[in-house]
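A.B. asks: This structure is in structure tokens; I'll ask about it shortly.
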């Protein structure tokens, strides 16, 4: 499978990666055997980039991904995890608002300080059972997440957390550093504070949303910052078009979003194109984007992502999307299948 470089580093990630949130029991429980099978299926199809985070199931995703990947040569895959939350013992009321159906008896607490980031990575090594993390990402920082606290949190993250990651990168212990976020504004702010190799951007550059073309993506091209696309289905709505419980931004999709998705689906129908396939292929056409990492809770889901990226999509489909005003004027489109 094609690999693309992370910024100015020597790390190459496969264009199709593996998002580890579902293996933290996002929305619903996943059996251990099924979790292992999803990783093994992704590997068999050629995926060599895997992403996880302590927050995903309060350590459950890291444990499952580490257990599965330990069977393979360490120099053949790239692994990213995240910092910004410490996993602590016991229940906390915050878990009631979170979406992980995890059996792990822990909760997550935000902490972007230097010491917390160092501790978080040491804890991740233990959960993963691996001796190297290739990419470390500052997780869920931004005004949408932290509201009025954002300015103070950002200061701590840049003066503390970033300093820790930069130190580890300079020492050769980590290959690349970046952010793992759901908003573009904080990426632009982070560029003014530090030297980042990549941004894992979830849900903000998709077939449904392309405002990142106005500012973030051109800035990333200019600075050689790689973009990894998470949430290519906008947390579900682009893959589960007709489902009553289809989610957008991890909540029930509002009427205006459903309406736009139906417009996308109508043009797909006219060209006999799968909407999820178009959604995956679209993201990889931009020169800043190095990988797209849909999450997979089952082997069947993992296999379907490979099929989506190899599906033939006629050029006329993209032309009709643009004519209908469903594509940003600056949005590049695929000229061939990404795999």
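The values are calculated or read from the model by the stated rules, or taken from the named source; none is laboratory data. Computed from a predicted structure; not experimentally measured. Cβ placement follows ideal geometry from the backbone for every residue including glycine, while neighbour counts extend to all protein chains displayed.
A.B. asks: Among (1) more than 20 Å from residue 197 (Cβ to Cβ); (2) assigned to a helix (DSSP H, G or I), there is one condition residue 75 misses while meeting the rest; what is its number?
C.D. replies: Result: residue 75 fails condition (1) only.
A.B. asks: Only residues that are in a helix (DSSP H, G or I) and surrounded by 14 or more Cβ atoms within 10 Å (Cβ to Cβ): list them for the stretch 117-143, please.
C.D. replies: Listed by number, the residues that qualify are 117, 118, 119, 120, 121, 123, 124, 125, 127, 128, 143.
A.B. asks: Any residue in the stretch 181-205 that's farther than 23 Å from residue 20 by Cβ: show its pairings with residues that are assigned to a loop (DSSP other than H, G, I, E, B) and at pLDDT 95 or above at Cβ separation under 9 Å, as long as the two are six or more apart or on different chains.
C.D. replies: 185/142; 185/215; 188/215; 189/142; 191/225
A.B. asks: State the number of residues belonging to the stretch 144-168 that are crowded, with 19+ Cβ neighbours inside 10 Å, closer than 20 Å to residue 227 by Cα and free of Cβ contacts under 8 Å to residues at least 60 places away in the same chain.
C.D. replies: Total meeting the criteria: 1.
A.B. asks: Search the stretch 53-63 for residues being in contact (Cβ under 8 Å) with a residue 60 or more places away in the chain and not in a helix (DSSP H, G or I), and hand back the single one that is farthest from residue 201 (Cα to Cα).
C.D. replies: 59
Here's the yes/no breakdown for (1) under 17 Å from the mean Cα position of the chain (by Cα); (2) closer than 22 Å to residue 217 by Cα; (3) surrounded by 15 or more Cβ atoms within 10 Å (Cβ to Cβ); (4) in contact (Cβ under 8 Å) with a residue 24 or more places away in the chain:
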position: 230; (1), (2), (3), (4): yes, yes, yes, yes
position: 234; (1), (2), (3), (4): yes, yes, yes, yes
position: 283; (1), (2), (3), (4): yes, yes, yes, yes
position: 307; (1), (2), (3), (4): no, no, no, yes
position: 321; (1), (2), (3), (4): no, yes, yes, yes
